[in-house]
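Chemist: Here it is, the structure, as structure tokens.
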There are 4 protein chains.
Amino acid sequence: MATDENAPPSRALTDKGRMEAFSDGVMGFAITLLVIDIALRPPGSPLHQFVQAWPSYLAYLVSFFTIGTVWIAHNGLTDGLERVDPIFLRLNLLFLLTIAFLPFPTRLVVEALGRGTGWERLAAIVYGVTLLVTRLLFSAMGAYARRMGLRAAGGDDPDLQEARKKFRYVVIAYVGTILLGLALPSVAIFFYLAIAVYLFVPFGLVARDLFGRGGSPR
Amino acid sequence: MATDENAPPSRALTDKGRMEAFSDGVMGFAITLLVIDIALRPPGSPLHQFVQAWPSYLAYLVSFFTIGTVWIAHNGLTDGLERVDPIFLRLNLLFLLTIAFLPFPTRLVVEALGRGTGWERLAAIVYGVTLLVTRLLFSAMGAYARRMGLRAAGGDDPDLQEARKKFRYVVIAYVGTILLGLALPSVAIFFYLAIAVYLFVPFGLVARDLFGRGGSPR
Amino acid sequence: MATDENAPPSRALTDKGRMEAFSDGVMGFAITLLVIDIALRPPGSPLHQFVQAWPSYLAYLVSFFTIGTVWIAHNGLTDGLERVDPIFLRLNLLFLLTIAFLPFPTRLVVEALGRGTGWERLAAIVYGVTLLVTRLLFSAMGAYARRMGLRAAGGDDPDLQEARKKFRYVVIAYVGTILLGLALPSVAIFFYLAIAVYLFVPFGLVARDLFGRGGSPR
Amino acid sequence: MATDENAPPSRALTDKGRMEAFSDGVMGFAITLLVIDIALRPPGSPLHQFVQAWPSYLAYLVSFFTIGTVWIAHNGLTDGLERVDPIFLRLNLLFLLTIAFLPFPTRLVVEALGRGTGWERLAAIVYGVTLLVTRLLFSAMGAYARRMGLRAAGGDDPDLQEARKKFRYVVIAYVGTILLGLALPSVAIFFYLAIAVYLFVPFGLVARDLFGRGGSPR
């Protein structure tokens, strides 16, 4: 919260603390709101209804991992920033707009699964497009920060490196899955889960942990 | 969170950290709550219902940009404050009261669009008055901070300057749109979107970026 | 977030930063959740339904001002603390339990007004008891902090002084209004609003501002 | 928020501030969302419906104390950390996934109580498994932090010590109560409350307060 003593006289750059806090708030609420749409599916015995509600759990997991991974990457991005400027704040808001929107396509998926191919197709596509736009906006934030020299000195956060390395594959995977959703929508939902899990597991870091870093940091 | 060593002995002024955190919480939650009211509109095919739900998307966008821009301006305002006093805390609460209220008029708009002119007129006016009061209270906070010398030394945040420059036009635009809402309520909703987008785009800064600042901060 | 270099070796005391953040989160959500229960009241013309919903607005205002004032006092209390201990953290949780519960009695009030005296009486009493318990727990937190020496050196925050001065009157007023609620429940609701406004307006500070401090802080 | 001057060159470790803020957001929201499911139970007189809603209050209390105690322990854990690494961030996300999920089993309990043994058994087991998994993930976070040397020098936070001491008993109690839930589900719910209260009351610290520390910290 304290301002640097060598702050630029133009004040075109501002402190990043509140942008992080607001982003944490929006992402934290969006990720928690997802639980509201989990509900049992009558008719049937208690256990039957509980099991029949699997689309709710699936959608909860996909969206939770998606927002969670995006949060980790966002953390890595802002961790490496020295300050932010008004354009970056607005890019961040657009990015949050898609995050806060995600509970709606999630609900579409929950309601569509098992209700017929037409509903599943709509849900799979809207869901995928939202995920894709979220990724693209996040990537735009990173590119803008690099171009405008907003980053602090030193190497990038490992989570940000991981996110950047995976970015190309993820965009291709989302576009592919959206197209797949036209033909086999319920399969596409499982692909979104696979992508979310792929994003969540830090393969590079796990490997480094297992083979190289284990005991070094005390 | 740390208190200045040269804090005034009267302690009439307090740290601004928690006011920012609480405001971020309320604004972040209000902006995320908006998604709850997005819903498909039966009857019809999946795609038809999805398209018919356009008033939900429109209202979501308007309210998101409105709260988002207000948050940016609030960030700019508190960024320039050294401390806050009890009166400022209460002005801020009144301001948050209107922000937290916004999901209700937003819902009114969603439910009204396409339901008849009577509903649309009510929604357009309640929505506009809420937006107007939010702006007026925000402006009162800025005026109070200036009058009581709560601001830190140095120029204002560029977002705050932008907000102040636009303030007069925005108030006129809101009043005009509220009056327009009496006659053409559904048109008024689109005007609110136009105002929100106008507030969101930092015209002055974009121009400066394009012509002057581009490579300097490196 | 940084720990003092002269931290006590026993570590029985911990940093207050996260307790403030968590409390801000819970109070911020609770205050924003209140809007969910605002709804129009069919049947009738749009304007008629809007006006008929006045119990929603009333309950929103009372609860918003109540939580808002409690937040201001909480801010004043923790502002004056140096550190917190495990017992204080738990007192704070009990206090947050009543804050997070408040949307339920608020909903009771909204649904009860105009539905008959039996409903109004129940709502007025449950509401009043919740408000009273919130105040008592807050007062217990302050008393514990004083008794255990958790406070930093220096005088108290003006908002905390204000809250403490008003405390006795507020408890009496709540008890009186709860009793009044047995006989005239709908009148009691307006009394709760009056108490909330009384708590919100910093009479002492306003007087000081008008007569003494006006121009001094530059 | 400020980075240490002696940050490791590998940057494999990152600042913990945002992880705490995000966790506070998710836990604060989850704990506040619980109130949404509290509702009166028609038919009957106002007071009768209010009393009949006791399962709502019970589930609210159990879940509030459970999340509250987990938050206190989480606070104690991160308070003792110097930094976090990407794996820890992901463990924390998995932990938050179960916390954000808790409102669903809570709702199951509310709806099940009094609706027949089949529903109560399902609710008691799903609830208990969620609580157990939350505890196990929390314990995994602590174990990982110890193994990787993420902790700061100095003894552990008293709340974390308390949580660790109670851990074995709590796991046994949860497993036992889940098994009990197969036979006597409605009794199991009260056991969950007893466990939550056991976790909430800091027996060791209360004893220390009463007999040893009372006046020393002044």
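Read-outs throughout are calculated quantities, based only on the coordinates presented, and are distinct from any laboratory measurement. These figures come from a predicted structure and were not determined experimentally. FYI the Cβ positions are ideal-geometry reconstructions off the backbone, even for glycines, and counts take in every protein chain you see.
Chemist: Please arrange C:Lys16, B:Lys165 by counting, for each residue, the other beta carbons lying within 10 Å of its beta carbon, fewest first.
Modeler: B:Lys165, C:Lys16
Chemist: Moving on. Does the protein assembly as shown classify as rounded, prolate or oblate by the C-alpha gyration tensor (a ≥ b ≥ c root eigenvalues; a/c under 1.5 gives rounded; else a/b over b/c gives prolate, otherwise oblate)?
Modeler: Here the protein assembly as shown falls in the rounded category.
Chemist: At R0 = 51 Å, how high is the FRET efficiency between D:Tyr169 and B:Ala140 if r is their beta carbon distance? Nearest 0.05 is fine.
Modeler: Taking R0 as 51 Å, the efficiency between D:Tyr169 and B:Ala140 is 0.35.
Chemist: Same structure, new question: With θ set to phi - 60°, apply the Karplus curve 6.51 cos²θ - 1.76 cosθ + 1.60 along the stretch A:145-151 and write out the HN-Hα couplings as whole Hz, x wherever there is a Gly or Pro.
Modeler: 4, 5, 5, 8, x, 7, 7
Chemist: Arranged by the count of other C-beta atoms within 10 angstrom, fewest first, what order do B:Met27, B:Met148 take?
Modeler: So the ranking, lowest neighbour count to highest, is B:Met148, B:Met27.
Chemist: Quick query: amide H of A:Lys16 versus all other amide H atoms, modeled in the peptide plane; which residues come in under 5 Å with a sequence gap of 5 or more or a different chain?
Modeler: A:Val84
Chemist: If you don't mind, there's one more thing I want to ask. How high is the FRET efficiency from A:Arg147 to D:Val51, r the C-beta distance, R0 56 Å, rounded to 0.05?
Modeler: Plugging the Cβ-Cβ distance into 1/(1 + (r/R0)^6) gives 0.30.
Chemist: Test of understanding: ordering D:His74, A:His48 by Cβ neighbours within 10 Å, fewest first, what list do you get?
Modeler: Placing the least packed residue first, the sequence is A:His48, D:His74.
Chemist: Moving on. Classify the stretch A:16-127 as rounded, prolate or oblate, taking a ≥ b ≥ c as the square roots of the eigenvalues of its Cα gyration tensor: rounded when a/c is under 1.5, otherwise prolate if a/b is larger than b/c and oblate if not.
Modeler: prolate
Chemist: How high is the relative contact order of the stretch D:33-183, in percent, counting Cα pairs under 8 Å that sit 6 or more residues apart?
Modeler: 29
Chemist: How far apart are the A:Ala183 label points across copies, placing each 7 Å from Cα toward Cβ, in nm, shortest first?
Modeler: 5.6, 5.6, 7.9
Chemist: Please go through the residue pairs B:Lys16/C:Lys165; B:Lys165/D:Lys16; A:Lys16/C:Lys166; B:Lys16/D:Lys165; C:Lys166/D:Lys16; C:Lys166/D:Lys165 and name each one whose alpha carbons sit more than 32 Å apart in this structure.
Modeler: Violating the 32 Å limit, Cα to Cα: B:Lys165/D:Lys16; A:Lys16/C:Lys166; B:Lys16/D:Lys165; C:Lys166/D:Lys16; C:Lys166/D:Lys165.
Chemist: Is it possible to state the helix-based mean residue ellipticity at 222 nm for chain D, with each DSSP H run of 4+ residues giving -39500 (n - 2.57), the sum divided by total residues, to the nearest 500 deg cm²/dmol? What is it?
Modeler: My calculation for chain D gives -24000 deg cm²/dmol from helical runs alone.
Chemist: What list of ³J(HN,Hα) values in whole Hz, one per residue of the stretch D:42-59 in order, does the Karplus curve 6.51 cos²θ - 1.76 cosθ + 1.60 (θ = phi - 60°) give from phi, with Gly and Pro shown as x?
Modeler: With the stated coefficients, the stretch D:42-59 comes to x, x, x, 5, x, 5, 4, 5, 5, 6, 4, 7, 4, x, 4, 5, 4, 5 Hz.
Chemist: Something else: Would you mind working out the magnitude of the charge dipole of the stretch B:57-118 relative to its Cα centre, with +1 at each Lys and Arg C-beta and -1 at each Asp and Glu C-beta, to the nearest 20 Debye?
Modeler: Rounded to the nearest 20 debye, it is 240 debye.
Chemist: A further question on this structure: Assuming a ≥ b ≥ c are the square roots of the Cα gyration tensor eigenvalues, decide whether chain C counts as rounded (a/c under 1.5), prolate (otherwise, with a/b larger than b/c) or oblate.
Modeler: Cα axes put chain C in the prolate bin.
Chemist: Moving on to the next point. Shortest first and in nm with one decimal, please list how far the B:Tyr57 label point sits from its counterparts in the other copies (point 7 Å along Cα→Cβ).
Modeler: Going from nearest to farthest copy, the values are 3.3, 3.4, 4.7 nm.
Chemist: Taking amide hydrogens as modeled 1.01 Å from N in the peptide plane, which residues meet the under 5 Å criterion relative to B:Arg151, leaving out close sequence neighbours?
Modeler: B:Glu82
Chemist: Follow-up question, since we're still on this one. To the nearest 20 debye, what is the magnitude of the charge dipole of the stretch D:90-195 about its Cα centre, counting +1 on the Cβ of each Lys and Arg and -1 on the Cβ of each Asp and Glu?
Modeler: Magnitude of the dipole: close to 320 debye.
Chemist: Please check: in the Gaussian network model of chain D (C-alpha springs, under 10 Å), which one of D:Arg135, D:Arg121, D:Arg147 has the largest mean-square fluctuation.
Modeler: Answer for the Gaussian network model of chain D: D:Arg147.
Chemist: What ³J(HN,Hα) values, in whole Hz, does the Karplus curve 6.51 cos²θ - 1.76 cosθ + 1.60 give for the stretch B:24-32 when θ = phi - 60°, with x put for Gly and Pro?
Modeler: Here the 3J(HN,Hα) series is 4, x, 5, 5, x, 6, 4, 5, 8 Hz.
Chemist: Label-to-label distances across copies for D:Gly44, with labels 7 Å out along Cα→Cβ, in nm, shortest first?
Modeler: Label point to label point, same position, other copies: 3.2, 3.2, 4.5 nm.
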